[in-house]
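All remarks here apply to the structure that follows.
The values are calculated or read from the model by the stated rules, or taken from the named source; none is laboratory data. As the structure is a computational prediction, the values presented were derived from the model and not from experiment. Neighbour counts run over all protein chains shown; Cβ positions are idealised from the backbone, glycine included.
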Amino acid sequence: MRSPSPARTARRGRPRNTVPGARSARPPTGVRRVRRRLDKPGGLAEAPPVSEDPRLVDARRRLVAACVTGTNGKTTTTSMIASIVAAAGERSARITTLGAWVDDEQVADGVSMDAFLAGLERAIAAGVRTVAIETTSKSLASGFAWRWPARVAVFTNLSRDHLDYHRTPEDYLAAKAQLFLAQPPDGLAVFNAADPSSALIAELLPPGRRRVACTARGVHPDCAALPLGLAADEVRVDREGTHLRLVPSDLAAALGNELRLRVIGAVHAENALAAALAAHGLGYPPAAIRTGLERFPGVEGRFQVVLREPLAVVDYAHTPDALARTLDLARELAEMSGGRVWCVFGCGGDRDQGKRPQMGRIADERADEVVLTNDNPRGEDPERIADAIAAGVHAPRARWTRELDRAAAIAFALRHARPADVVIVAGKGHERTQVVGSRTLPFSDVEELRRAAGRPAPRP
């Protein structure tokens, strides 16, 4: 039986309670194994030589870095920090996997080092003081954290992703830990107290390192020792945004004991609390923190509402955990209107194959209608990718349709959805291309939804 919508039945309970269903046992990635990975010859804890690229040297000297890592929520949390900086009356800069921005102007595109350095140059020229940086596990594994230690480092969460690159969960977590191990002695580490991996990273830190945690989902037993800086004990979501009731504390009182976000989804509660603690650690006043969070419009491709009837959403969810969260939110919204949940998705080719049946199972459990399609098949046979996804579903609960032409799949869902339904197009988010074989083709989920809304789509 599905749990009632938070908009109808508020989630309550002090954050010192444990996360519902959480186990007190350590996850498979234990501290000892991660430490062994860090300490072995050539391991990740061995600081690489500091880059002498003059642009990076100048940026280290003139900018304060607030860096965000984790599996999900990095781009949004990074962008929220930049929004707070702007609300304080300063020029703001953010560098994410979507590109680099100074204020609202995109000044660099892509994720290359040249794009990163170009973004820093423009930030310095604009008089920016604080730069918010999304920090991926791949960049951390290559030694980025040691080349530019973060004054404030934020950990959002950890779930399965990038195992095609990191090989093991230990390698993946060890890469994330770099951001915190490389911090200066006066650095601040911000953790998610609902995620047990926070405790694993915290235990790797030297004694005395400043740390603080936030939560909107209770405190995991493993994280009980982390000092709680900001928490929400009630999160309400509707089609207009997300409302947080804050647990009493000095910072919560300064924020007015509540936050009303424009972005939709309980997951944004955690992102907002982490961004608030990061900005507070950098000295930004509570008034700017509240204004910056409440004005924040969202990030392209992250639960981006494209149409209202039916509610059609583009989301970057491309991991099992992210897809589950996105569909859970879709269910909450569908319950409010009495509609169904549609999920249009696929999995990328030449990437982690183990997550495919997991994501198929998640889609079947959480959606009413699943339209299985292509993501970026790259060099793999799209039919085989779809078969691997479907293999995770042995007794289908949802109704499944296979349409490997992604544009046709989106059009099919929109044609057959009712006005009260919620249609999730997952996996590609902000991307504007689709990689099929050796070809990179123009493709945007957002534009395909808009196109489909303007013309009838034939049933496959």
Answer from Asp58, Asp104 - the residue that is within 20 Å of Ala279 (Cβ to Cβ) and modelled with pLDDT under 95:
Asp104
Name the single residue, out of those in the stretch 221-235 being under 17 Å from Ser197 (Cβ atoms) and crowded, with 23+ Cβ neighbours inside 10 Å, that is farthest from the chain's Cα centre (by Cα).
Asp222
Pair list, Cβ < 8 Å and 6+ apart or interchain, from the stretch 104-116 residues that are free of Cβ contacts under 8 Å to residues at least 12 places away in the same chain to residues that are among the aliphatic types (A, V, I, L, M) and not in a strand (DSSP E or B)
Asp109/Ala115
Just checking, which of Ala395, Ala420 is of a type in the set (A, V, I, L, M), assigned by TED's automatic domain parsing to the domain that holds Leu327, in a loop (DSSP other than H, G, I, E, B) and modelled with pLDDT of 95 or more?
Ala420
Filter the stretch 65-97 for residues that are in a loop (DSSP other than H, G, I, E, B), buried (at least 24 other Cβ atoms within 10 Å of the Cβ) and at pLDDT 95 or above and give the result.
Ser92
Suppose we filter Leu173, Leu158, Leu188 for residues that are more than 19 Å from Ala275 (Cα to Cα), of a type in the set (A, V, I, L, M), in contact (Cβ under 8 Å) with a residue 24 or more places away in the chain and assigned by TED's automatic domain parsing to the domain that holds Ala93; which single one remains?
Leu173
Can you find even one residue in the stretch 204-218 that is touching a residue at least 60 places away in the same chain (Cβ under 8 Å), hydrophobic (A, V, I, L, M, F, W, C), over 17 Å from Gly73 (Cα atoms) and touching a helix residue (DSSP H, G or I) at 6+ places or on another chain (Cβ under 7 Å)?
yes
Residue hits (the stretch 243-290; at pLDDT 95 or above, farther than 22 Å from Ala66 by Cβ and under 21 Å from the mean Cα position of the chain (by Cα)) are His243, Arg260
If the requirement is being in contact (Cβ under 8 Å) with a residue 40 or more places away in the chain and either surrounded by 23 or more Cβ atoms within 10 Å (Cβ to Cβ) or under 25 Å from the mean Cα position of the chain (by Cα) (or both), which of these qualifies: Ala417, Ala453, Ala408, Ala413?
Ala413
Residue set Val306, Val344; condition touching a residue at least 40 places away in the same chain (Cβ under 8 Å), under 26 Å from Pro419 (Cβ atoms), crowded, with 24+ Cβ neighbours inside 10 Å and of a type in the set (Val, Ile, Thr); output residue Val344
